[in-house]
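Notes to accompany the following structure.
The values are calculated or read from the model by the stated rules, or taken from the named source; none is laboratory data. These numbers come from a predicted model, not from an experiment. We place every Cβ from the backbone using ideal geometry, glycine too, and count neighbours over all the protein chains shown. Remember, those area values only see protein heavy atoms, side chains included, never the ligands or the DNA or RNA. Shrake-Rupley method; radii C 1.70, N 1.55, O 1.52, S 1.80 Å.
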Amino acid sequence: MMRTVKGYAALKPGATLVSHTYELPEIAADQVDIKVHYCGICHSDLSMIHNDWGTSEYPLVPGHEIVGEIVSVGKEVKSLKVGDKVGLGWFSGSCMHCQQCMDGSQHLCQTAQQTIVGRHGGFADYVRGHWSWAIPLPKDIDMAKAGPLLCGGITVFNPIILAGVKPTDRVGVIGIGGLGHMALKFLKAWGCEVFAFTSHPEKKEQILNMGATKVIDSTNPDELKDIQGRLNFILNTTNVTLDWNSFLKTLAPKGRLHNVGAVLEPLAIPAFSLIGGEKSVAGSPLGSIALTRTMLDFCVRHDIYPTVEEFNMDEVNKAIKHLEDGKARYRIVLKA
């Protein structure tokens, strides 16, 4: 049986979203349909609306930070049933037979299906995905705040695992926005001494309350010089070109600069800044299915959620403008 879906779509690059009705074909044996309860708005949604990455197809229904309830399951779906509360993030399917999938790194599958690339996302009343990527939500999770964890949250949680960050480490976070503020909360709960790099020192008290041990004005060379050689790990969450060498100098020997920000220009990294201290530069996308489940359990255990502003789904254009104007504090969630 086909399913009629009502959503909000951009009909061309950069367009205001309009009401859009479409049909989903009969559900496949390995798919689930999810009734959307909440959906976060991510900067990646804005990039897709504007076709910044050249992968957008129109009409485009954005939204990939989805939490909701399963309303239909295919006949071969495992371990999920109608009524289960689940989340769906950037990925909605992967092949499940390539080396990466079999190794537990499904987010690195070369044929992974992305929720809003060539398909419609969560700015709608229903969304469909492969059952394996419908992540079961822990019993006590706050669904009104959980959506951004499925994209922004796992994006900054994964590097902590990849880099083997220890509770005794001194770590830095560049950019305290939608991604960065979640990184602060994770790293505080991890036990780290956390340095927050920001170009908006007027937000100092807010940033300290989020978990930072110290706030560094990234526009002040003296403040950067004071912590040279002290940090074991730095996570960049910004999508703009910065003076990367000034941050590399704050790393201790064997330190890592890890990038999750979608910086479009090549990173200018002086070779000798890496060689002398055996330092490294790395990057990552989101995270695997299993790690996403672990992250959600960690969030419930430590009461970690993004700081959110809530709009009704029919206020989607107002919410998008709020984000584009740089006024979001710090993630926006749409209530269906």
Residue check for residue 320: at pLDDT 95 or above, in a loop (DSSP other than H, G, I, E, B) and among the β-branched types (Val, Ile, Thr): no
Output for the range 284-309, where each listed residue is open to solvent by less than 50 Å² (accessible area, probe 1.4 Å), in contact with a helix residue (DSSP H, G or I) (Cβ under 9 Å, 6 or more places away or on another chain) and not in a loop (DSSP other than H, G, I, E, B): 289, 291, 292, 295, 296, 298, 299, 308
Subset of the range 40-64 [in contact with a strand residue (DSSP E or B) (Cβ under 8 Å, 6 or more places away or on another chain) and closer than 22 Å to residue 2 by Cβ]: 58, 59, 60, 61, 63
Residues within the range 4-39 that are among the charged types (D, E, K, R) and touching a residue at least 60 places away in the same chain (Cβ under 8 Å), tallied: 4
Qualifying positions in the range 95-138 - in a helix (DSSP H, G or I) and either of a type in the set (D, E, K, R) or open to solvent by 30 Å² or more (accessible area, probe 1.4 Å) (or both): 99, 100, 102, 108, 131
Residue match in the range 208-219 (condition: surrounded by 15 or more Cβ atoms within 10 Å (Cβ to Cβ), among the aliphatic types (A, V, I, L, M), touching a Cys at 6+ places or on another chain (Cβ under 6 Å) and within 23 Å of residue 243 (Cα to Cα)): no
Options 22, 8; residue that is open to solvent by less than 60 Å² (accessible area, probe 1.4 Å), in contact with a Phe, Trp or Tyr (Cβ under 6 Å, 6 or more places away or on another chain) and either closer than 13 Å to residue 129 by Cβ or assigned to a strand (DSSP E or B) (or both): 8
Only one of 80, 46, 88 that is out of contact with any Asp or Glu (no Cβ under 9 Å at 6 or more places or on another chain) and either open to solvent by less than 50 Å² (accessible area, probe 1.4 Å) or under 29 Å from residue 180 (Cα atoms) (or both): 80
Index of the failed condition, residue 102 passing every other in (1) closer than 25 Å to residue 323 by Cβ; (2) out of contact with any His (no Cβ under 6 Å at 6 or more places or on another chain): (1)
Answer residue from the range 160-177, given it is assigned to a loop (DSSP other than H, G, I, E, B) and open to solvent by 20 Å² or more (accessible area, probe 1.4 Å) and is modelled with the lowest pLDDT among those: 177
